[in-house]
Amino acid sequence: MPLLLPAGNAFEWTGPTGNNTWLLRGRVPALIDAGVGNPIHLDALARALDGRPLALVLITHAHVDHASGAPAIRDRWPSARVRGLGGEDGLEPGERIEAGDGTVRVLHTPGHSPDHCCFLLEQTSEICCGDLVRIGGTVVIPASKGGNLSQYLDSLRRVRELRPSRLLPGHGPVIDKPDALIDEYISHRTERDGQILEAVAAGCRTPQQIVQRVYRGLPTSLRSAAEDTVLAHLVKLRDENRLAGDSTGWRQIG
């Protein structure tokens, strides 16, 4: 069973204990996601390894809260391989990797970021899902940084089709009912599409104006993320020929 090791980077975005990292103990000790290099996290990892060297780190995606701890991990365990999608020692979609006492399959799940991966633990049908979903909130789709809502929705559907027993997310508690949560996520994005279309019909032309109308009462600290996710919706709606526009302004077709 994967062991949860909080990364210790508590923040508004990461939750009260910071990111989740997941240790697979066994023949090939492997850590899923690297955290941020917090010494408390590294010490907890060392205790969990009980004197054994860490062999492998698998990165769900390159966002700093998931990947920036890799150099500190390499300093502590120089023989550990650190692998994410792309790069010289990059993961390949569909690749099977020995980790812990079993096999992990790489699932390329873009949308939140172009390089986002989930990891299917084939012996238990659990999926370490990074920033694909979380309980108690939605996932930002940062269109200005490579986020893509159409790809994200496709990734959600593909993970659902695998019928995982549980999802082990990068933030928040374990997800014991994956189907129900993924369905909720897809429904939420469909509802948001409708709200954005209504806002454009009412005269909103920019993500900023749409956020003011749709996300009433949103804290200032979350506004830029909401605007970026609205942009992801606008691009999706344009690709579906339901809207027209670009950075100069969005409008209804016809």
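The values are calculated or read from the model by the stated rules, or taken from the named source; none is laboratory data. In this text, all values refer to a predicted model and were calculated from it rather than measured experimentally. Reconstructed Cβ throughout: ideal geometry from the backbone, glycine too, with neighbour counts over all protein chains shown.
Looking at the stretch 24-54, which of its residues are touching a residue at least 40 places away in the same chain (Cβ under 8 Å) and either closer than 15 Å to Leu121 by Cα or among the acidic types (Asp, Glu) (or both)?
Leu24, Arg25, Gly26, Arg27, Val28, Pro29, Ala30, Leu31, Ile32, Asp33
Based on what the data block shows, is Ile175 aliphatic (A, V, I, L, M), modelled with pLDDT of 95 or more and closer than 29 Å to Asp33 by Cα?
yes
Which numbered condition in (1) closer than 30 Å to Met1 by Cα; (2) among the charged types (D, E, K, R); (3) surrounded by 15 or more Cβ atoms within 10 Å (Cβ to Cβ); (4) outside the structural domain of Leu23 (by TED's automatic domain parsing) is the only one that Asp183 fails?
It is condition (3) that Asp183 fails.
With the condition kept exactly as written, say whether any residue in the stretch 61-80 is among the hydroxyl-bearing types (Ser, Thr, Tyr) and touching a residue at least 24 places away in the same chain (Cβ under 8 Å).
There is at least one residue in the stretch 61-80 that is among the hydroxyl-bearing types (Ser, Thr, Tyr) and touching a residue at least 24 places away in the same chain (Cβ under 8 Å).
Which numbered condition trips up Gly90, out of (1) surrounded by fewer than 20 Cβ atoms within 10 Å (Cβ to Cβ); (2) touching a strand residue (DSSP E or B) at 6+ places or on another chain (Cβ under 9 Å); (3) among the small types (Gly, Ala, Ser); (4) within 15 Å of His63 (Cβ to Cβ)?
Unmet condition: (4).
So, Ala48, is that one surrounded by fewer than 19 Cβ atoms within 10 Å (Cβ to Cβ), part of a helix (DSSP H, G or I), hydrophobic (A, V, I, L, M, F, W, C) and modelled with pLDDT of 95 or more or not?
Here the answer is yes, as Ala48 does meet what is asked.
Check the stretch 229-236 and report whether any residue there is at pLDDT 95 or above, outside any helix (DSSP H, G or I) and of a type outside the set (A, V, I, L, M, F, W, C).
Within the stretch 229-236 (the criterion being at pLDDT 95 or above, outside any helix (DSSP H, G or I) and of a type outside the set (A, V, I, L, M, F, W, C)), the answer is no, since none of the residues qualifies.
Would you check which residues across the stretch 20-45 are small (Gly, Ala, Ser) and either in contact with a Lys or Arg (Cβ under 9 Å, 6 or more places away or on another chain) or buried (at least 23 other Cβ atoms within 10 Å of the Cβ) (or both) and list them?
Ala30, Ala34, Gly35
With respect to Ala244, determine if the residue is surrounded by fewer than 19 Cβ atoms within 10 Å (Cβ to Cβ), of a type outside the set (Val, Ile, Thr) and without any contact (Cβ under 8 Å) to a residue 24 or more places away in the chain.
Details: surrounded by fewer than 19 Cβ atoms within 10 Å (Cβ to Cβ): yes; of a type outside the set (Val, Ile, Thr): yes; without any contact (Cβ under 8 Å) to a residue 24 or more places away in the chain: yes.
For Ala244, the condition - surrounded by fewer than 19 Cβ atoms within 10 Å (Cβ to Cβ), of a type outside the set (Val, Ile, Thr) and without any contact (Cβ under 8 Å) to a residue 24 or more places away in the chain - is met.
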